[in-house]
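I have placed the structure first, in the form of structure tokens, so that the comments after it can refer back to it.
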């Protein structure tokens, strides 16, 4: 009796083919090199770093920053594989196995797939950061307003704005001392994320937003220069290019910067006409300020709620918005800074609790009498009574103005990671 041939295992039962399918699906999905690198790392059970032919890091899938450093340095059992397409080198992939080294055949297949993805994704080389920064600064400060000039300068940088674009403001603030130029690292990571989705996007760290006066500053004191922001211009029609790019930037920052950073990615509405991109930049900045004030790591302009009503004031006449802030909550900020009290935080919590003293005290882990005392101090310093509708509305708008302008509220332990429950109040300084 002839032997019955054994049935072939299903694809899902073969670790080799399952790994191949995982990397293939990441390539075919079009989600970009960071996703492909993560799929390759999982399939190979290894740490993976992909660089282009100019040694610029394109994607990282490592366990930690120390792991990334070791792989880039070629330490231990790291293997460096050349990525080639049609005999043309397009980059390198460094791989360090976490357990048993992957099969040679699987490694060759994965290397071939990633080489094709690198060749597709790199496209035109990134324009110099200085040239991009100058263009974005001129565009968003409205020094550049003629449509044809905007299109021409963007085209020189390899970016087509003829069908419009969206703007992303990305923030990553270290919560502990960082070695070296961490801002450059954040820019590189964010750029890596957006390039995987839209390779003609432009990114730079520039001054964005209006100059403003310091809290409590006199009328003769010069305003503070606008903060530097990491700004990304994403060309394309409609909302989808911006949404996909913002998600890719957030994922790359979250995966590459590890713990110890407060992240924030804010997205504007799309601007169909490049002449309106200054408005999109203002929307992204406003959303970033609101996101930071509320502790959110990603937000779109549409999700900022009532803050959207303050955009014209921030964009067209920020001095009036600053003046309103100075007339309402600025004295509270100055008092908190001087005496280490929590009038601003108490006021915010009171308004969020719909004016309920008991709920405010519960959220602040303090006594109701302390909350009432602080609210009395708010009235004395601002001249506005939280017991009246007009007083609550003006103080609420004052707080919104502070957030929209990007003015940091008085900080301290209550603002640090892991202390969201609030700190023990210093009663003797409140009375």
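Using a/c under 1.5 as the rounded threshold, could you call region 15-122 rounded, prolate or oblate? The axes a ≥ b ≥ c are square roots of the C-alpha gyration tensor eigenvalues, and prolate needs a/b larger than b/c, oblate otherwise.
It comes out rounded by the Cα gyration axes.
What is the distance, in nm, between label points placed 7 Å from the Cα along the Cα-to-Cβ direction at residue 273 and at residue 66?
5.6 nm
What distance in nm separates the simple spin-label points at residue 175 and residue 323, each placed 7 Å from Cα in the Cβ direction?
4.0 nm
Would you mind getting me the FRET efficiency between residue 358 and residue 262? Use the beta-carbon distance for r and R0 = 41 Å, nearest 0.05.
For residue 358 and residue 262, the calculated efficiency is 0.85.
By how many nm would the segment from residue 120 to residue 16 lengthen if fully extended, with 0.36 nm per residue of separation less the alpha-carbon distance? Could the numbers behind the result be given before it?
Working: separation 104, 0.36 × 104 = 37.44 nm, distance 2.53 nm.
Full extension of this stretch gives 34.9 nm more.
Between residue 393 and residue 380, what is the label-to-label distance in nm when each label sits 7 Å out along the Cα-to-Cβ direction?
Modelled inter-label distance: 2.8 nm.
After finding the eigenvalues of the alpha carbon gyration tensor for region 129-309, what semi-axes result from the square roots of 5 times each, listed largest first in whole Å?
On the way: eigenvalues 111, 89, 55 Å².
Its equivalent ellipsoid spans semi-axes of 24, 21, 17 Å.
Expected output is a single nm value to one decimal: the length gained when fully extending between residue 303 and residue 28, i.e. 0.36 nm times separation in residues minus the C-alpha distance. What is it?
95.8 nm
Set the Förster distance to 25 Å, then compute FRET efficiency between residue 131 and residue 163 from the Cβ-Cβ distance, nearest 0.05.
Computed FRET efficiency for residue 131 and residue 163: 0.65.
Enumerate the residues in region 141-172 having an amide nitrogen under 15 Å from the point lying 7 Å beyond the Cα of residue 56 toward its Cβ.
Of the residues in region 141-172, 157-159 have backbone N under 15 Å from the label point off residue 56.
Would you please give the FRET efficiency between residue 372 and residue 243, computed as 1/(1 + (r/R0)^6) with r the Cβ-Cβ distance and R0 = 45 Å, to the nearest 0.05?
Result of the calculation: an efficiency of 0.50.
How many angstrom lie between the C-alpha centres of region 128-187 and region 78-98?
31 Å
Coordinate-derived values only; no laboratory data. The shown structure was predicted, so the numbers you read here are calculated from the model rather than taken from an experiment. Note that we place each Cβ from the backbone using ideal geometry, even for glycine, and neighbour counts take in every protein chain shown.
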